[in-house]
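Scroll down for the structure; my scribbles are underneath it.
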Amino acid sequence: MQDTDSKSPTGALRIALVAHDKKKDDLIEWVGKHLHLLEKAELFATGTTGGRLLKAFPDLNLTPLFSGPLGGDQQIGAMIAEKRLDGLIFFVDPLSPMPHDVDVKALNRLAIVYDLPMACSATTANFVMLGLVEQKFGSMEAA
């Protein structure tokens, strides 16, 4: 197994943002509440989620990927395997059918295999961000 453990050239947090259709508004709201931290991060987001985030917050350092079912989930999966992410924020809608459920499960599995912090709701995302910031910078004030 390749151990790349690549570091961000800027030292910034590297976070992937994904949201199912009915959770996109929740993710945009969550990003807005954490803008002071996320403006300093390197962000990656799948398809429509990335477009909506950039429209709401044009100054974010966000790289849009393909739509999840069209390869975006696999792009994020590769980034996890290559250790190019510090965290994954994936707002899942557990009440809607997911035609690409296999892709979602693959991301979950990779996050577990590579011990990547992953959040599936706003509350868990708050804790993941707190942990990532404290681990990387020592405190919220230093971030």
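The values are calculated or read from the model by the stated rules, or taken from the named source; none is laboratory data. All figures in this text were calculated on a predicted structure; none of them were measured in a lab. Using ideal geometry, Cβ is built from the backbone for each residue, glycine included, and neighbour counts are taken over all protein chains shown. Heavy atoms of the whole protein, side chains included, go into the accessibility calculation; ligands, DNA and RNA do not. Shrake-Rupley method; radii C 1.70, N 1.55, O 1.52, S 1.80 Å.
Structure above, values below:
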| quantity | calculated |
| --- | --- |
| Residue in region 83-93 that is modelled with pLDDT under 95, assigned to a loop (DSSP other than H, G, I, E, B) and more than 14 Å from the chain's Cα centre (by Cα) present | yes |
| Residue ID - surrounded by the fewest Cβ atoms within 10 Å (Cβ to Cβ), chosen from residues in region 37-48 that are assigned to a helix (DSSP H, G or I) and without any contact (Cβ under 8 Å) to a residue 40 or more places away in the chain | T48 |
| Output for region 94-139, where each listed residue is open to solvent by less than 70 Å² (accessible area, probe 1.4 Å), out of contact with any strand residue (DSSP E or B) (no Cβ under 9 Å at 6 or more places or on another chain), assigned to a loop (DSSP other than H, G, I, E, B) and touching a residue at least 12 places away in the same chain (Cβ under 8 Å) | S96, M98, H100, Y114 |
| Qualifying residue in region 49-60 (condition: of a type outside the set (D, E), crowded, with 16+ Cβ neighbours inside 10 Å and under 17 Å from K136 (Cβ atoms)) | no |
| Hits in region 24-55 - residues which are closer than 19 Å to L132 by Cβ and hydrophobic (A, V, I, L, M, F, W, C) | L27, W30, V31, L35, L37, L38, A41, L43, F44, A45, L53 |
